[in-house]
Structure formats: C-alpha cells, structure tokens
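I have placed the structure first, in the form of structure tokens, so that the comments after it can refer back to it.
The values are calculated or read from the model by the stated rules, or taken from the named source; none is laboratory data. Keep in mind it's a predicted model, so treat the numbers as computed, not measured. Cβ atoms come from the backbone with ideal geometry, glycine included; neighbour counts cover every protein chain shown. These area figures cover heavy atoms from the full protein model, side chains too; ligands, DNA and RNA do not enter into them. Shrake-Rupley method; radii C 1.70, N 1.55, O 1.52, S 1.80 Å.
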Amino acid sequence: MTRVCLLLFLLLPGWLTADDGSNVHEFMLDNGMKVLVLPDQRAPVVSSMVWYRVGSGHEHGGITGISHALEHMMFKGTEARPAGEFSRTIAALGGRENAFTSRDYTAYFQQLATEHLGTALALEADRMRNLTLPEDEFIQEMRVVREERRLRTEDNPNALTFEHFNAVAWLSSPYGIPVIGWMADIDEYTVADLRDWYDRWYAPNNAILVVVGDVAPEAVHDLARTHFGPIPARDLLAVKSRTETPQLGERRITVRAPARVPYLLVGYKVPVIMTAEEDWVPYALQVAAGVLDGGESARFSRELVRESELVASAGAGYSPLSRLDTLFMLSATPSAGVERAEVEAALTKALERLKDEPVSTAELERVKAQVVAREVYRLDSIQGQAMRLGMLESVGLPWQLGDEFAERIRAVTPEQVQAVARRYFEADRRTVAWLDPLPIDPDDPPGYFEGHLR
C-alpha cells in the first residue's frame with residue numbers, strides 16, 4: 001500500500017491555544033519520556049500521538065529530507081510485525097493512523113476507540129526500538145518519496161517557488177532545508193543513513209506521548225509504563241544552535257517554471273516565542289498578520305482585492321511556534337494586466353501604513369477577537385487538542401503556555417503593533433521571490449499566460 005503522509009512544510013498558520021490547563025495531566029517515565037494526557041469524554045474515542053523532537057531543522061547537506069524518509073520507513077516493519085501490519089491492525093480496529101514531518105518534529109498518530117489504546121501504544125513502542133529497515137522495502141519506499149516530491153513540489157509551481165525562496169532567505173539557519181529534502185540527496189540515501197538517524201533520535205527521552213480523549217489519566221500512565229517504560233534512554237547529541245547569519249540587504253530570486261499566473265512571496269525575518277527578547281513581540285506580530293489578512297474585512301482582502309483590484313488574492317502569515325527565528329510572510333497573485341512592481345508597491349505601502357498609523361481601537365478589537373476565535377475553534381476536535389500539546393512541547397515550550405494565548409493577544413496595543421512593524425518590516429530584512437510563468441503547453445509562446453489566463 002502506498003502511504004500518503006502529511007508533510008508539514010511550515011508550522012500551522014497561527015498557533016494552537018489551550019483551554020483549562022488544569023485538565024492536562026503530566027507524567028514522566030523513568031527513561032525520560034514525557035506523557036501528557038487530556039481527558040475529553042464527549043465520545044468514546046481517543047487520539048494518541050508520539051512526537052519525536054527531530055525534523056528537517058536538525059538535518060544538514062547530504063541527508064536533507066531524511067527525517068521525512070524515516071517517517072515513511074517507520075511503517076515498514078519490525079522484528080515482530082512485518083511491513084504493513086501496523087496499518088492493517090489499526091484499520092481492523094476501526095481506527096485511522098498516519099504521520100507527519102516538519103522542521104522541528106516528526107509525529108505519529110492514531111485515532112480509534114478508547115478500548116484499543118493499549119494496542120496502539122504497543123505498536124508504537126515496538127517500532128520505537130525494533131525497526132528493521134529491510135533493503136527491499138527501502139528501495140520501494142524511496143521511489144514513493146521521490147514521486148511525492150515530484151507531485152507536491154516539482155510539479156507545483158507555487159510550492160517550487162516557496163522552496164527556492166526559503167533556500168535564499170536562510171543562509172546558516174537549517175530552515176532553508178526543504179522538509180522533503182533535495183532530490184539529489186534523496187537519490188543518495190542508504191539504509192545505513194536511515195539507521196544512523198533512527199538510532200540517534202528515536203529514543204524515549206527524545207519523545208512525547210500525547211493522549212487526548214475518553215481516558216483516565218492514571219490508566220494511560222500505566223499503559224505508557226507497560227509499553228514504553230522498558231525501552232532504555234539513549235545518549236542524545238547536543239543540537240547546535242545554527243544561528244542565522246545577519247542579513248545585510250534585500251535578497252531577490254526569480255523562479256521560472258510552467259504556470260498559469262505569476263506569484264509573489266515576500267518574507268521578513270522575525271523572532272518567535274523561543275527567540276524574542278521581549279515576550280509581547282510574537283503576539284504583536286500575530287495581530288499584525290491579522291490586521292492584514294484576517295478574513296474578508298481585513299486590509300488585504302478589502303483594499304487590494306475588492307477596492308483596487310490589484311490582486312486576485314493576497315495573504316499574510318506568521319507562526320511563533322518554532323525553535324528558531326522564522327519569516328513574517330506576504331503573498332500575492334496579481335490581477336490580469338497589473339504590473340508586478342505595482343503589486344509589490346501595494347504590499348509595501350500596507351506595511352508602511354502599519355508603521356505610520358496606529359491601528360484604530362475598533363479594528364484592533366475586531367482582529368483580536370478573530371485571532372482568538374480562530375484558534376479556539378481549532379481545538380474542537382480531540383486531534384486539535386493533541387496537536388496543541390505536542391507542538392508546544394516539541395519546540396521546547398511548556399504546554400501550559402497555551403493557557404496564556406487569549407490574554408496575551410488581548411493585551412496587544414496599537415503601539416506594539418506599530419513597534420514591531422517599524423522594527424522588522426525593513427527592506428534590508430526581506431527576501432522577495434517571483435514566480436515567472438513559463439508556458440504550460442510547449443506550443444504556447446513565452447508570456448502567453450501573463451495577460452490571458454488568470
């Protein structure tokens with residue numbers, strides 16, 4: 001069976017909030033594995049997730065994408081269970097399972113009836129220490145990984161632009177590495193490479209078990225001790241900081257690829273919760289993104305799409321949940337016949353307005369309400385709640401931090417939004433990428449799509 005994994009190229013837009021943190025029960029196994037349990041009795045189901053603190057942000061040249069490749073191979077069998085048995089077992093129990101890789105973590109999850117939680121944990125514990133990595137399965141699965149890269153990136157002009165944009169934006173930060181890896185590195189993987197990565201990172205003291213659903217916390221703790229407790233901790237190598245080299249001026253790139261429309265990306269280097277010197281800064285950046293792109297009433301949608309009709313679409317995004325500095329992102333697709341310089345100027349003008357004019361009280365309150373509501377709605381499912389806990393812990397933040405989200409957002413002032421705009425939205429800090437469409441049909445003349453198909 002071909003596995004379709006959930007590949008996270010960026011952290012989710014925004015970040016997940018917490019409800020009453022007192023409901024979360026935290027345990028620590030003797031081998032260093034953290035266990036977080038959040039009871040939710042709305043239905044007799046459970047979401048079980050194992051998060052490993054490793055992703056593309058831990059990789060280096062020559063093995064880029066190996067965290068994602070190992071994610072695929074985690075379904076290819078152990079000494080006790082051959083390839084495919086993990087998925088067949090969960091399916092037979094009426095559950096579903098999958099995995100995803102991001103810059104800072106790799107996670108595996110199952111959703112199934114509460115009575116089968118022990119089976120899910122037994123399966124996860126088995127592959128945490130007993131992965132066999134058979135050569136024949138490796139050869140076949142790397143074909144799947146290469147095809148996934150072709151489908152999701154190389155045949156997707158916007159994704160291709162984003163990948164090259166990141167590579168230019170970051171010099172020394174590992175965030176310039178694509179999560180799926182460069183094709184040249186994928187072609188050179190060996191089983192030994194994956195075995196080394198598995199042995200280095202897949203250990204209980206580098207993992208977090210998150211269980212949310214119709215469960216009793218102590219019962220989950222007992223199951224975790226039974227299945228994961230016997231797995232010995234490993235010596236983990238220290239992770240180098242890999243601090244980004246200071247940017248000394250604007251960077252620009254043009255990506256020429258078959259596409260129907262041009263596409264613009266602009267990114268400004270900004271701190272996150274883990275790196276900000278002042279704790280209010282990430283929340284002010286979150287609100288700034290909401291002012292620009294927080295629904296139909298936000299400035300981009302109202303002023304650039306509907307009123308001036310300069311762009312067919314425009315967006316702004318920022319996530320404060322990562323280990324290292326990130327980018328405050330802007331994107332736009334020009335309307336037919338609009339010059340690219342005019343689109344860039346419009347985005348820059350919107351940022352300059354944030355610098356020059358404090359956001360009005362009415363607009364700020366509306367944006368705050370939308371930001372808080374959007375994140376709260378994401379927690380309606382047990383999966384969303386498990387994601388919240390795992391993401392916070394995996395990047396090195398305490399899960400309790402989620403309790404402060406609404407309060408921190410509501411505390412943001414117009415002056416703070418203005419301050420982050422002035423501090424970070426400078427031309428010397430930005431990277432700009434344009435997708436320059438080539439004809440999709442070889443018989444079309446160059447530039448055909450520029451003014452015809454939008």
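Annotations
- Test result for residue 154, more than 26 Å from residue 395 (Cα to Cα), touching a residue at least 60 places away in the same chain (Cβ under 8 Å) and open to solvent by 10 Å² or more (accessible area, probe 1.4 Å): no
- When 112, 117, 133 are checked against the criterion of being at pLDDT 95 or above and part of a helix (DSSP H, G or I), 117 stands alone in meeting it.
- Residue ID - nearest to residue 381 (Cα to Cα), chosen from residues in the stretch 12-40 that are open to solvent by 30 Å² or more (accessible area, probe 1.4 Å) and at pLDDT below 95: 19
- The condition of being assigned to a helix (DSSP H, G or I) and under 25 Å from residue 266 (Cβ atoms) holds for only one of 408, 353, 388, 378, that being 353.
- Flag for residue 285 being touching a Leu at 6+ places or on another chain (Cβ under 9 Å) and not in a loop (DSSP other than H, G, I, E, B): no
- Pairs are defined by a Cβ separation below 9 Å, a sequence spacing of at least 6 or placement on different chains, a first member in the stretch 181-204 that is without any contact (Cβ under 8 Å) to a residue 24 or more places away in the chain, and a second member that is in a helix (DSSP H, G or I) and of a type outside the set (A, V, I, L, M); the pairs so defined are 190/138.
- Residues satisfying the stated conditions in the stretch 339-385, i.e. among the β-branched types (Val, Ile, Thr) and open to solvent by less than 20 Å² (accessible area, probe 1.4 Å): 343, 359, 367, 371, 372
- Inter-residue pairs, beta-carbon under 8 Å, first under 18 Å from residue 267 (Cβ atoms) and of a type outside the set (A, V, I, L, M) and in the stretch 414-439, second assigned to a helix (DSSP H, G or I) and open to solvent by less than 20 Å² (accessible area, probe 1.4 Å), 6+ apart: 422/355; 424/285; 425/351; 425/354; 425/355; 431/165; 431/169; 434/161
Okay, residues lined up against (1) surrounded by fewer than 17 Cβ atoms within 10 Å (Cβ to Cβ); (2) charged (D, E, K, R); (3) on the phi < 0 side of the Ramachandran plot:
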position: 216; (1), (2), (3): yes, no, yes
position: 220; (1), (2), (3): no, no, yes
position: 224; (1), (2), (3): no, no, yes
position: 237; (1), (2), (3): yes, no, yes
position: 266; (1), (2), (3): no, no, yes
position: 277; (1), (2), (3): yes, yes, yes
position: 285; (1), (2), (3): no, no, yes
